[in-house]
Amino acid sequence: MSRKLDALVVGAGFGGLHMLHRLKQLGLDVKAVEAGDSVGGTWFWNRYPGARCDFESHDYSYSFDSDLQNEWVWSERYPSQPEILRYLNHVADRFDLRSSIQLQTRVTAARYDEELAQWSVTTEGNETFIARYLIMATGALSLPQIPAFPGIDTFSGSWYHTANWPTSKVDFTGKRVAVVGTGSSGVQVVSQIAPDAEHLFVMQRTAAFVVPAHNRPLDAERDALVKASYDGFRQRALDSFLGLHFDTELNPAVDTPEPERTAAYERRWEIGGAALLAAFPDLLTNTDSNDTLATFLRAKIEEIVDDPATAKTLTPQGFPVGAKRLIVDSEYYSTFNRSNVDVVDISTSPIRRITETGIETADGHYEVDVIVFATGFDALTGPLLNIDITGKSQTQLKDRWAAGPTTYLGLSVSDFPNMFVVAGPGSPSVLSNVVRCTELNVEWIAQFIEHMSDNGITAAEASPEAENQWVHHVNELSTATIFPTANSWYLGANIPGKPRVFMPYAGGIPAYRQTCSDVASSGYTGFQLTH
Ligand code: N01
């Protein structure tokens, strides 16, 4: 049996909840389906010890409802995973969304019927939903990747992926543990496991740049200050490249005399968080400037880590700061001063296989009871291509994107009418404060749907020309930055066989917002509209 709707939203994380709320406000018959047992999206699944957002609480929150933002009180400078999950559950209750959300429902396929201008969406449980609009709020980082190490089935201990962590506590006390991967998740989990484990091996393929968070309880004064002028606070975020509140020096780093430059870095090191990446206006566009920050950060590692050989292994080389996502944590480097923690360089001696009792690398065998894979995600395209999506004329999204994702504004794909993507490839999404990007996308999609319904438009899709131009623009923007110069997940480099295409929009939030707004106010230029 199939259920007929005006709109189906896939996912009930930050993007999906807001989208559902907006479409309900428009009076649409709308439902959200969510694979998890709870709302929350990425913040439901990534419940590993130490999981915490690296943006500050006030920034990493919705702005769409004034009462919501004024009522909610964050407890720490950076919100922990349990607190964000509580917040999203509060949002679901506060806006009466739960009755429109179907949990434990994984979408497996979506097919567009051109004649009826509607989507037919199938779930793992063989349910079918028919909807005019299909909104993919499936998240950029929601399809975990576990490398195909041979022998994993023979391992007699326990293993976990950070993005699919058990709901019950995992006890590391007295255990020998290996963490594979040193991205944001790996770095956060390492400092939490180390105090409990008998021994911890940190298996590192690429050393990462890690800056201190300086997390602390959120003081009431700061909360009151933000709340006294929330509108201005939100506007400043929207006016900034990353959608965040960072203070940037006026002159490029290369033109700033050395003592002044180091003082600027030092100040931001003390402030904590990703502020260092915004210290100078040219850090993301000029490799010489970026080198000055890299040198500063390398010296910090040498200073913090006692053993010179360990410090050397932990020191990133060969890519600019920020080209792989800058990591924010507090005790990562000092954790390696513990006698029960070792870094294992698996770039020089790769993992060969998992054995019954541990991990075999090219230069030895590490006996462990627990393996934690912090090996990341098939980012941006993975969650969409994991669903068998068929548009007009039997066009399959996986074929269309075989050489990399193509979208218009990150929101729409030609030949896939009435399908909209929230924070998808081609949007600033992961290169920005993603909550700002999802809000922009959700509001834009809601207004477009309202416009369609007011004007008797039954179907809308990106024109091939507009899509080509956007893809070209997104590529051009990225080549003017340092981003494409590292083997990062932004480029799909972490997934064997994935096309190497820089996927996010690197033009910053203000330019993106302006373009999306111009497209809307010009009557949706670049869209083919069917009445
Ligand atoms: O994943 P990652 P993540 N053999 O892809 C290694 C957000 N996030 O889950 O760099 C051996 O960054 C891989 O090595 P390499 C945030 O946007 C935010 O940590 O590819 N190693 C790397 O070290 C973040 O960027 C927060 O050489 C393998 C690691 O595994 C994004 O999510 C917290 C391997 C994967 O790092 C992803 O972060 C957590 C293999 N076959 C996540 N394959 C916060 O807000 C991969 N690796 C704080």
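A Cβ distance below 6 Å, combined with a sequence gap of six or more or placement on separate chains, defines the contacts here; from segment 173-195, residues that are over 16 Å from S339 (Cα atoms) reach residues that are at pLDDT below 95 and in a loop (DSSP other than H, G, I, E, B) in the pairs V187/D329; Q188/D329.
Look at N386 and say whether it is in contact (Cβ under 8 Å) with a residue 40 or more places away in the chain, closer than 30 Å to V421 by Cβ and surrounded by fewer than 19 Cβ atoms within 10 Å (Cβ to Cβ). So N386 fits the description; yes. Would you confirm whether or not segment 429-442 contains a residue that is surrounded by fewer than 18 Cβ atoms within 10 Å (Cβ to Cβ) and either more than 15 Å from the chain's Cα centre (by Cα) or part of a loop (DSSP other than H, G, I, E, B) (or both)? Taking every residue of segment 429-442 in turn, none turns out to be surrounded by fewer than 18 Cβ atoms within 10 Å (Cβ to Cβ) and either more than 15 Å from the chain's Cα centre (by Cα) or part of a loop (DSSP other than H, G, I, E, B) (or both).
Here W45, W72 are screened, and the one residue that is among the hydrophobic types (A, V, I, L, M, F, W, C), outside the structural domain of V180 (by TED's automatic domain parsing) and more than 18 Å from the chain's Cα centre (by Cα) is W72. Among the residues of segment 241-268, the one identified as hydroxyl-bearing (S, T, Y) and modelled with pLDDT under 95 is T248.
Of all residues in segment 95-136, those that are in contact with a helix residue (DSSP H, G or I) (Cβ under 7 Å, 6 or more places away or on another chain), of a type in the set (S, T, Y) and not in a helix (DSSP H, G or I) total 2. R222 falls short on exactly one of the conditions (1) within 16 Å of the ligand (Cβ to nearest atom); (2) among the charged types (D, E, K, R); (3) over 23 Å from the mean Cα position of the chain (by Cα), and that condition is (1). Once segment 461-502 is narrowed to residues that are charged (D, E, K, R), away from the ligand (no atom under 16 Å from the Cβ) and surrounded by fewer than 16 Cβ atoms within 10 Å (Cβ to Cβ), the residue that is nearest to the chain's Cα centre (by Cα) is E476.
Condition check ((1) within 22 Å of L242 (Cβ to Cβ); (2) within 13 Å of the ligand (Cβ to nearest atom); (3) hydrophobic (A, V, I, L, M, F, W, C); (4) touching a Ser or Thr at 6+ places or on another chain (Cβ under 6 Å)) across all residues:
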{"position": "G15", "(1), (2), (3), (4)": "yes, no, no, yes"}
{"position": "E34", "(1), (2), (3), (4)": "no, no, no, no"}
{"position": "S38", "(1), (2), (3), (4)": "no, no, no, no"}
{"position": "L68", "(1), (2), (3), (4)": "no, no, yes, no"}
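Residue by residue through segment 289-320, note down the ones that are among the hydroxyl-bearing types (S, T, Y) and either touching a Lys or Arg at 6+ places or on another chain (Cβ under 7 Å) or part of a loop (DSSP other than H, G, I, E, B) (or both). Spell out how you get there, then give the answer.
Our first condition is that a residue be among the hydroxyl-bearing types (S, T, Y); within segment 289-320, this holds for 289, 292, 295, 310, 313, 315.
If the condition is that a residue be among the hydroxyl-bearing types (S, T, Y) and either touching a Lys or Arg at 6+ places or on another chain (Cβ under 7 Å) or part of a loop (DSSP other than H, G, I, E, B) (or both), then T292, T315 are the ones that fit.
Restricting attention to segment 325-350, which residues are within 15 Å of the ligand (Cβ to nearest atom), small (G, A, S) and within 20 Å of N215 (Cβ to Cβ)? Passing the criteria: only S330. Residues of segment 269-280 include at least one that is modelled with pLDDT of 95 or more, touching a helix residue (DSSP H, G or I) at 6+ places or on another chain (Cβ under 6 Å) and either away from the ligand (no atom under 16 Å from the Cβ) or farther than 30 Å from N441 by Cβ (or both).
Of the residues I457, I495, the single one that is touching an Asp or Glu at 6+ places or on another chain (Cβ under 6 Å), assigned to a loop (DSSP other than H, G, I, E, B) and modelled with pLDDT of 95 or more is I495.
Having 3 or more residues that are more than 16 Å from the ligand (Cβ to nearest atom), on the phi > 0 side of the Ramachandran plot and more than 21 Å from the chain's Cα centre (by Cα) is the bar; report the strands (runs of 3 or more DSSP E) wholly within segment 143-205 that clear it. First the steps, then the outcome.
Values: elements: 158-161, 176-180, 199-204.
Output list is empty.
Scanning segment 250-285 for residues that are in a loop (DSSP other than H, G, I, E, B) and within 12 Å of V321 (Cβ to Cβ) yields A279, F280, L283, L284.
Residue selection: R267 satisfies the criterion of being free of Cβ contacts under 8 Å to residues at least 24 places away in the same chain and surrounded by 12 or more Cβ atoms within 10 Å (Cβ to Cβ). A single member of T381, T406, T361 is within 18 Å of Y490 (Cβ to Cβ) and within 16 Å of the ligand (Cβ to nearest atom), and it is T381. Scanning segment 279-338 for residues that are within 23 Å of F483 (Cβ to Cβ) and among the polar types (S, T, N, Q) turns up T285, N286, T287, S289, N290, T292, T295, T315, Q317.
The values are calculated or read from the model by the stated rules, or taken from the named source; none is laboratory data. Just so it is clear, the structure is predicted and the values come from calculations on it, not from any experiment. When we count neighbours, we look across all protein chains shown, and the Cβ atoms used for this are built from the backbone with ideal geometry, even at glycine.
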